[in-house]
Amino acid sequence: MHDTNLVRGWKCKRGIGSLRGRFRRAGAVVAAVMLTTWVGGAVADAAPVDATKLQAPAGGYEELVVPSGMGPIKIQVQWAARGGASALYVLDGLRAPHDHSQWISDTGVLQRFAGDNVTLVFPVGGHSSFYTDWYRPSSTNGQVTTYKWETFLTEELPAFLAGYGVSRTDNAIVGASMGGGAALTLAAHHRDQFKFAGSFSGFLNPTFPMWNEAIRAALWDEGRFNVDDMWGPPGDPAWSRNDPTVQAELLRGLPMYVSAGAGLPGPADVPYGVGNTMNAMGLELIARAAARIFGDRVAALGIPARVEIVDGTHTWPYWEQALAAARPMILDVLGAH
């Protein structure tokens, strides 16, 4: 983790009510003037020197840009209703758009947590990244920058948010699909940061026989990414390190919620059409198998975890329901009611 009290950032766009609490700062303030790369970006303030004494803004929504080794990364933030220091990181799926989180565009998550004393943090981007640190840029699609999402989510982003009074250690993390397995993996390797982890239709056992080829096909289909540039060939230690089932022992004592759908469509699938629904059914059958494998593994180790197979397919309405089911656990763990 970066050990610094000075965190610089650019502000991209303000939401209603986001100004409240921004200037509740203790200690000296260092002014920095930088132009953002985002259209309509504004000049930003530097974070205060003594970020540990800050109180987070109370309520409101903002879009910010965070400096990182990958370049500026946009985040969408809903501040804790009463200025609490806890945060919930919410990760996207494989098709993560470059300009927004699908959690915000495709679910009602902001409204569901609007009255809760926890800051919601939605990293934007990460398309086909598995939110992991890659070995090198993908060699098959002209990618220039090496994905370093684990570094961003566990070092650069918490350091930046500390400048707004958000705790580096009192966090929870959840994700859907690609983000589900990543949430458990990040929590396993960064127990000092995350107190809760949730996976919704995540792929939780990438080292299972032939599942590496399914991930290879998915990354190729979604952007011509080369999985060998992510974790190396099958058998490379990076595969095991990023397998929540293999790393289950590291999750001992961590409150967890893992869910997957049974794979049968329902009314929520109707707007997506027959073709998308058929794909969502197939993907969810894999996610269901992964959830059961993970559940069996933690049960064998005597590690408590809430693992549920529920109705639904591999799509957003069901993930919104899963997050709603996890919400009481998250608020309890973080003391964020």
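The values are calculated or read from the model by the stated rules, or taken from the named source; none is laboratory data. Keep in mind that this is a model prediction, so the values were computed, not measured. Every residue, glycine among them, receives a Cβ derived from its backbone with ideal geometry; neighbour counts consider all protein chains shown. Heavy atoms of the whole protein, side chains included, go into the accessibility calculation; ligands, DNA and RNA do not. Shrake-Rupley method; radii C 1.70, N 1.55, O 1.52, S 1.80 Å.
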Long-range amide H partners of residue 225 with built H, under 5 Å: 220
Rounded accessible area of residue 61 (nearest 10 Å², 1.4 Å probe): 50
Length released on extending from residue 276 to residue 210, taking residue separation times 0.36 nm less the Cα-Cα span: 21.4 nm
Surface accessible to a 1.4 Å probe, residue 222 within the full protein complex, Å²: 40
Residue 308-residue 144 pseudo-label distance in nm [points 7 Å out on the Cα-to-Cβ vector]: 4.5
Cβ-based charge dipole, region 204-337, positive-most Cα from 315, 256, 206: 256
For region 166-289: rounded, prolate or oblate by the Cα gyration tensor [a/c cutoff 1.5]: oblate
Proximal charge balance of residue 102 [Cβ under 13 Å; K/R count +1, D/E count -1]: -3
Accessible-area order (highest first, 1.4 angstrom probe) of the listed residues 240, 139, 177: 139, 240, 177
